[in-house]
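So the structure is just underneath, and the comments pick up after that.
The values are calculated or read from the model by the stated rules, or taken from the named source; none is laboratory data. The shown structure was predicted, so the numbers you read here are calculated from the model rather than taken from an experiment. Because the Cβ atoms are built from the backbone with ideal geometry, glycine has one as well, and the counts that use them run over all protein chains shown. The accessibility values were calculated without ligands, DNA or RNA, using every heavy atom of the protein model including side chains. Shrake-Rupley method; radii C 1.70, N 1.55, O 1.52, S 1.80 Å.
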Amino acid sequence: MNDDATGSDPRPADPKQSASGCPVHADAVPLSGLEYQQTPATLYQELRRSHGSVAPVLLDGDVPAWLVLGYPEVSFVTAHDELFARDSRRWNQWESIPADWPLLPFVGYQPSVLFTEGAEHQRRAGVITEALEGVDQFELGVNCARIADQLIDAFAGSGETELMSTYAHPLAMRAAVEMCGMAAHSTDTDDLVRDLRISLDTGEGEDPVAAYVRVQERIQQLVKDKRAEPGADVVSRMLAHPEGLSDDAIVQDLISIVAAAQQPTANWICNTLRLLLTDDRFALNVSGGRVSVGEALTEVLWLDTPTQNFIGRWAVRDTLLGGRRIKAGDCLVLGLAAANTDPQIWPEGHVGAEGNGAHLSFSNGEHRCPYPAPLLADVIARTAVETLLERLPDVVLSVEPEELVWRPSIWMRGLTSLPVEFTPTLR
């Protein structure tokens, strides 16, 4: 959105380049459809066979883009900001983008750390990094365990629950807002969870731009409150940083922090629980098994990474990538999930068999998820999974594994619901 936060048209008023009239590739593939939503890996395999490591795709409304599928290619794009930059005002398709386009919250230029480049990006990212470094990871783990216990207490006596809505999403959000110094009231967190979901994945009758504005208004109030009464939290540290960022800049960057902390982390939690509850390799050790939980968390980042695609990068000039001729202003979607399963890096097809930290789930390069955010996300996700298994050691799915449904999203990889049952317990 723009600095004035009015909720008006978020498209750039003065794009650096006008629409080039670049024709849509005749063999471009829509990133949509039920089959793709439920089994995206199948489409990635087909795209590799047909197009190689860089494939022409169509976004909502048949808007053309490139999906970067190869691990080396994604790594190259993210490592070369001078060729593939983040400022979306470079896009050569702006003249054909309607004001109500569902992906505007992703690509409409905003004065946030996500779209800054060069020295300004380093300055903004440095403020975020130092603010996050002030988070005590041990204390975060203790707070997450407390939040987890509170959420579990609410449904433990019933013997059944749906973990996405009652556990994973509210836990990740409460952890995020507490780090930022916001009181974790249920109404606030529920509203933020809903609006972040709408801004990421619009359902029928929902307005992603309006949802984003509501998120922005809540964060603006938080910054105002912390300016008046600072504390030992991320927002107060950003406000007190010697770089002296404006309140508007901090609001924009906090939206990125909260969104990145909540939706991906919640899906990481539930994707890991799904793996633990459906895969026989973990069945014998699932109850409180730290090694198994750690392995499952890592495997999910390789095989069911919460952020499966990220939009994106925009070509600074005409160039070649993966044998494709990329024109200046073209949009590139980073296929993080496809890159993580690139057969070039998994000999003999043993994808995820020996997972390590080389995945691209937190992206790569200067615009990757800032340190130490991945470590904090790991604390939240690990604590959430371990606490649930310790409190409800006999938890099982209440539906067959094949009945689980993935969210209808090309961006996030997460379930619509994770229904479970267990022996009712009271504390």
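Specify the residue that is surrounded by the fewest Cβ atoms within 10 Å (Cβ to Cβ); the eligible residues are those in segment 397-418 that are in contact with a Pro (Cβ under 8 Å, 6 or more places away or on another chain) and over 18 Å from GLN308 (Cα atoms). Selected residue: VAL399.
Here is a yes/no grid of residues against (1) basic (Lys, Arg); (2) closer than 20 Å to VAL333 by Cα; (3) in a helix (DSSP H, G or I); (4) in contact with a Cys (Cβ under 8 Å, 6 or more places away or on another chain):
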position	(1), (2), (3), (4)
GLU82	no, yes, no, no
GLY126	no, no, yes, no
LEU132	no, no, yes, no
VAL135	no, no, no, no
ILE152	no, no, yes, no
GLY157	no, no, yes, no
SER165	no, no, yes, no
LEU171	no, no, yes, yes
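A single entry from ALA168, ALA148 fulfils the requirement of being touching a Gly at 6+ places or on another chain (Cβ under 9 Å), surrounded by 23 or more Cβ atoms within 10 Å (Cβ to Cβ) and more than 25 Å from ASN364 (Cα to Cα): ALA168.
If only residues of segment 17-33 that are loosely packed, with under 14 Cβ neighbours inside 10 Å and at pLDDT 50 or above are counted, the one that is farthest from ALA85 (Cα to Cα) is GLY33. Annotation note: Cβ proximity below 6 Å between a residue of segment 33-50 that is over 14 Å from ASN340 (Cα atoms) and among the aromatic types (Phe, Trp, Tyr) and a residue that is assigned to a helix (DSSP H, G or I) and at pLDDT 85 or above (sequence gap 6+ or interchain) occurs for TYR36/LEU43. VAL193 falls short on exactly one of the conditions (1) surrounded by 15 or more Cβ atoms within 10 Å (Cβ to Cβ); (2) outside any helix (DSSP H, G or I); (3) touching a residue at least 24 places away in the same chain (Cβ under 8 Å), and that condition is (2).
Kindly evaluate ALA119 against the criterion of being of a type outside the set (D, E, K, R), surrounded by fewer than 19 Cβ atoms within 10 Å (Cβ to Cβ) and over 19 Å from the mean Cα position of the chain (by Cα). Spelling it out, ALA119 is indeed of a type outside the set (D, E, K, R), surrounded by fewer than 19 Cβ atoms within 10 Å (Cβ to Cβ) and over 19 Å from the mean Cα position of the chain (by Cα). The single condition among (1) under 22 Å from GLN37 (Cβ atoms); (2) at pLDDT 95 or above; (3) touching a Lys or Arg at 6+ places or on another chain (Cβ under 9 Å) that GLY312 does not meet is (2). Of all residues in segment 126-173, those that are touching a residue at least 12 places away in the same chain (Cβ under 8 Å), over 18 Å from LEU426 (Cβ atoms) and not β-branched (Val, Ile, Thr) total 22.
Look at (1) in a loop (DSSP other than H, G, I, E, B); (2) touching a strand residue (DSSP E or B) at 6+ places or on another chain (Cβ under 8 Å); (3) crowded, with 20+ Cβ neighbours inside 10 Å and you find that HIS359 fails only one, number (2).
Looking only at residues of segment 292-324 that are assigned to a helix (DSSP H, G or I), of a type in the set (A, V, I, L, M) and without any contact (Cβ under 8 Å) to a residue 60 or more places away in the chain, we find that the one that is most open to solvent (accessible area, probe 1.4 Å) is LEU303.
State whether one or more residues within segment 385-396 are open to solvent by 40 Å² or more (accessible area, probe 1.4 Å), farther than 17 Å from MET164 by Cβ and part of a loop (DSSP other than H, G, I, E, B). Within segment 385-396 (the criterion being open to solvent by 40 Å² or more (accessible area, probe 1.4 Å), farther than 17 Å from MET164 by Cβ and part of a loop (DSSP other than H, G, I, E, B)), the answer is yes, since at least one residue qualifies.
Taking the criterion of being of a type in the set (Gly, Ala, Ser), in contact (Cβ under 8 Å) with a residue 24 or more places away in the chain and part of a helix (DSSP H, G or I), would at least one residue in segment 55-68 satisfy it? Yes, there is a match, as at least one residue in segment 55-68 is of a type in the set (Gly, Ala, Ser), in contact (Cβ under 8 Å) with a residue 24 or more places away in the chain and part of a helix (DSSP H, G or I).
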